[in-house]
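The values are calculated or read from the model by the stated rules, or taken from the named source; none is laboratory data. Keep in mind the model is a prediction, meaning the values are calculated, not measured. For neighbour counting, all protein chains shown are included, and Cβ atoms are generated from backbone atoms with ideal geometry for every residue, glycine included. Just so you know, the surface numbers come from the protein's heavy atoms only, side chains and all, with ligands and any DNA or RNA stripped out. Shrake-Rupley method; radii C 1.70, N 1.55, O 1.52, S 1.80 Å.
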Amino acid sequence: MVNLSRITRRGLAGIAVLTGLAVVVPANAQAAEAAPDVHAAPVAKVGYTGPSALQIVRYNKLYKTGAIPASRCKEVNVSMRTVAGVTQYSNQLYKCLYAAWKPILKASGAKSTAAPKLHITTGRTANTRCGVVTLSRAFYCENNIYFPANVIISLWKQNSTYARVYATNTLAHEYGHHIQEQTGIMDASWWRQRAMKTNSAKLEESRRRELQASCLGSAYIGANRRFYPMTGALYNEWRWLVTHSGDQKGYPRDHGSFANHGWWSEHGFFATSATTSSARCNTFESAPSRVS
């Protein structure tokens, strides 16, 4: 693995897309990326009422599960300069995420403990159950994670430390959406959002959902940090990433401010092993100011 402590961010400018989040990155690393847009919406579900949907998102059994276990997985030592390298790196992390989250999903009474299907993408668009979507960012759609290899390759060529952190944090965030899907939070939250009367309320619901996914992803990273040490240069890049991710001026405020994205990410990550639980990520009980 490259000695990453010598690599720094310089000439910062431009915008990249992290699961729909605006993220400041080195200017020459954003050429193939798009402006931030909303997360792909799943197929509309029926059968909810306002109280039943609120019960699912706010009082879910997920929040009563125990500490997230460490997957005990170590980071794979591979260059992500090629699609093959990104695939190897991502598949290893994907297995690690599955190992940690499977017992939590089982304890929560989830619909399934199965892993989502991981797609390492290289094209421009994909036809999914959520519609035709661009592949300039990672996204989750109905038990499928789409992960753009070209974005990681571009970042790797500029700053391999940042590329590792970006890949890890992004895939962990998308797996957080899978946890929401399997516990019913995803569908209930989307039902709530569609039923809301004002655009501001709809955007707040989206922010609660996205900030929770980031918190859940960070909680996994924190739970496993003895085995994939997010320390030193890696930690510095990770903290910079999560505190510079969120809604960009001029775009819909659907993912949360930089400050709140950083707060929820660190809230998940910094819990001790005894309290690294999904309950820390209940954004649906938080005051509006914490999900602004």
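For region 180-187, check the following and say yes or no: at least one residue is assigned to a helix (DSSP H, G or I), open to solvent by less than 30 Å² (accessible area, probe 1.4 Å) and in contact with a strand residue (DSSP E or B) (Cβ under 6 Å, 6 or more places away or on another chain).
Among the residues of region 180-187, not one is assigned to a helix (DSSP H, G or I), open to solvent by less than 30 Å² (accessible area, probe 1.4 Å) and in contact with a strand residue (DSSP E or B) (Cβ under 6 Å, 6 or more places away or on another chain), which makes the answer no.
Among A107, A115, A126, A138, which is buried (at least 22 other Cβ atoms within 10 Å of the Cβ), of a type in the set (A, V, I, L, M, F, W, C) and touching a Leu at 6+ places or on another chain (Cβ under 9 Å)?
The conditions single out A138.
Which condition from (1) under 26 Å from W190 (Cα atoms); (2) under 16 Å from the mean Cα position of the chain (by Cα) is the one that R253 breaks?
(2)
Within the group P148, P229, which residue is buried (at least 22 other Cβ atoms within 10 Å of the Cβ) and free of Cβ contacts under 8 Å to residues at least 60 places away in the same chain?
None of the others qualify; the one that does is P148.
Go through region 236-255 residue by residue and tally those that are at pLDDT below 95 and of a type in the set (A, V, I, L, M, F, W, C).
Going through region 236-255 one residue at a time, the tally reaches 0.
Quick check on region 197-220: of everything there that is surrounded by fewer than 24 Cβ atoms within 10 Å (Cβ to Cβ) and of a type in the set (A, V, I, L, M), which residue is nearest to the chain's Cα centre (by Cα)?
L203
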